[in-house]
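Presented below is the structure to which this report refers.
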Amino acid sequence: MEAEGLGWLLVPLHQLVSWVAAGAMVFGGVVPYIPQYRDIRRTQNADGFSTHVCLVLLVANILRILFWFGRHFESPLLWQSVIMILTMLLMLKLCTEVRVANELNLKRRSFADFDPHHFWHWSSFADYVQCVLAFTGVAGYITYLSIDSTLFVETLGFFAVLTEAMLGVPQLYRNYCHRSTEGMSLKMVLMWTSGDTFKTAYFLLNSAPLQFSVCGLLQVLVDLAILGQAYAFAHHPQKPVPHAVHPVSAKAL
């Protein structure tokens, strides 16, 4: 009787834990960007945030959604991609508006110029939307034609999560080149690391496709490398290179 009573209690508790974990997966990825968004609005300066972070996450999550059509996976992971895409578009909109407002003499660049030297450095948010829609259309059409190929679907899933796993690499490289993590929010990187660790554990415990688990582990390693840079450069600072003075804003990953 006690066992039956305990079982009656554990079933709803297990469901509650599952719902909380699913909610954390869906919305947890965007939490680190909320303080960054507020900092940019407050300082009206986006120099500390690289819009290439948005590019990487947009590509990764669009590919992940397309992968779902070929091989269904956990619904929270699908909704996570949708939420992340919307979040990155909001970040892009704010960063573009702030940059254009601060650089009055900035020459107008547009997606329609098809200039590779100024790719992802356009003057209007609409240009970024056009680029995202173009990429989604081309990738979606190719996926539609190849959806019956297991090799294509598995490769698509691998590239989706590998792209996301490489999110921190531009920041890692920037830190290395500048021998400094100035402008990067350590709190954001810590939140990113904890989130990626939770996400990877979720992949492993819920038997997600192998690509998710492997690239999740890679993403945690990149996060740890950035934290290692923050520690190393803080204890062995380099002589600063002269540059134009700008208000400091936090870098969120």
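Comparison of 107, 93 shows that the only residue that is open to solvent by 20 Å² or more (accessible area, probe 1.4 Å), farther than 24 Å from residue 195 by Cα and either within 18 Å of the chain's Cα centre (by Cα) or acidic (Asp, Glu) (or both) is 93. When the criteria are applied in full, residue 3 fails the requirement of being under 23 Å from the mean Cα position of the chain (by Cα) and either modelled with pLDDT of 85 or more or at negative phi (or both). Can you find a residue that is part of a helix (DSSP H, G or I) and more than 26 Å from residue 51 (Cβ to Cβ) anywhere in segment 216-224? Yes: segment 216-224 contains one or more residues that are part of a helix (DSSP H, G or I) and more than 26 Å from residue 51 (Cβ to Cβ). Output yes when any residue across segment 166-183 is among the aliphatic types (A, V, I, L, M), in a helix (DSSP H, G or I) and touching a residue at least 60 places away in the same chain (Cβ under 8 Å), and no when none is. Yes; the residues of segment 166-183 include at least one that is among the aliphatic types (A, V, I, L, M), in a helix (DSSP H, G or I) and touching a residue at least 60 places away in the same chain (Cβ under 8 Å). Picking from residues in segment 153-175 that are open to solvent by 50 Å² or more (accessible area, probe 1.4 Å) and at pLDDT 85 or above, the one that is nearest to the chain's Cα centre (by Cα) is 159.
Considering 163, 197, 155, the condition of being in contact with a Cys (Cβ under 9 Å, 6 or more places away or on another chain) and assigned to a helix (DSSP H, G or I) is satisfied by 163 alone.
Working only within segment 110-120, note down all residues that are open to solvent by 50 Å² or more (accessible area, probe 1.4 Å) and either among the aromatic types (Phe, Trp, Tyr) or touching a residue at least 60 places away in the same chain (Cβ under 8 Å) (or both). Give the derivation first.
Start the filter on segment 110-120 by keeping residues that are open to solvent by 50 Å² or more (accessible area, probe 1.4 Å), which leaves 112-119.
Passing the criteria: 114, 119.
Can you tell me which residue is nearest to residue 98 (Cα to Cα) among those in segment 121-152 that are open to solvent by 60 Å² or more (accessible area, probe 1.4 Å) and not in a helix (DSSP H, G or I)? The residue in question is 121. Among the residues of segment 176-185, those that are modelled with pLDDT of 75 or more and either surrounded by fewer than 18 Cβ atoms within 10 Å (Cβ to Cβ) or within 16 Å of the chain's Cα centre (by Cα) (or both) comprise 176, 177, 178, 179.
Restricting the search to segment 43-54, which residues are buried (at least 20 other Cβ atoms within 10 Å of the Cβ) and assigned to a helix (DSSP H, G or I)? Those that are buried (at least 20 other Cβ atoms within 10 Å of the Cβ) and assigned to a helix (DSSP H, G or I): 53, 54.
Taking every residue in segment 147-158 that is in contact (Cβ under 8 Å) with a residue 60 or more places away in the chain and pairing it with any residue that is surrounded by 13 or more Cβ atoms within 10 Å (Cβ to Cβ), at least 6 positions away or on another chain, the pairs with Cβ-Cβ distances below 6 Å are 147/70; 152/146; 153/70; 153/71; 156/67; 157/67; 157/209; 157/211.
Residue-by-condition table, conditions (1) closer than 30 Å to residue 137 by Cβ; (2) of a type in the set (S, T, N, Q); (3) within 20 Å of the chain's Cα centre (by Cα):
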site	(1), (2), (3)
17	no, no, no
25	yes, no, yes
33	yes, no, yes
39	no, no, yes
51	yes, yes, yes
58	yes, no, yes
61	yes, yes, yes
67	yes, no, yes
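Residues are listed down the side, and each one gets a yes or a no for (1) hydroxyl-bearing (Ser, Thr, Tyr); (2) more than 27 Å from residue 133 (Cβ to Cβ); (3) assigned to a helix (DSSP H, G or I):
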{"residue": "24", "(1), (2), (3)": "no, yes, yes"}
{"residue": "38", "(1), (2), (3)": "no, yes, yes"}
{"residue": "41", "(1), (2), (3)": "no, no, yes"}
{"residue": "57", "(1), (2), (3)": "no, no, yes"}
{"residue": "61", "(1), (2), (3)": "no, no, yes"}
{"residue": "72", "(1), (2), (3)": "no, no, no"}
{"residue": "100", "(1), (2), (3)": "no, no, yes"}
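Of the residues making up segment 186-203, those that are under 14 Å from residue 48 (Cα atoms) and either in contact with a strand residue (DSSP E or B) (Cβ under 8 Å, 6 or more places away or on another chain) or open to solvent by less than 20 Å² (accessible area, probe 1.4 Å) (or both) are 188, 189.
Would you mind stating whether residue 81 is open to solvent by less than 60 Å² (accessible area, probe 1.4 Å), assigned to a loop (DSSP other than H, G, I, E, B) and out of contact with any Cys (no Cβ under 9 Å at 6 or more places or on another chain)? Let's see the steps before the verdict.
Values: open to solvent by less than 60 Å² (accessible area, probe 1.4 Å): yes; assigned to a loop (DSSP other than H, G, I, E, B): no; out of contact with any Cys (no Cβ under 9 Å at 6 or more places or on another chain): yes.
The answer is no for residue 81.
The values are calculated or read from the model by the stated rules, or taken from the named source; none is laboratory data. Here the structure is a predicted model, which is why all the values come from computation and not from measurement. Cβ sites come from the backbone with ideal geometry, for glycine too, and all protein chains shown count toward neighbours. Surface areas here come from the heavy atoms of the whole protein model, side chains and all, with no ligands, DNA or RNA. Shrake-Rupley method; radii C 1.70, N 1.55, O 1.52, S 1.80 Å.
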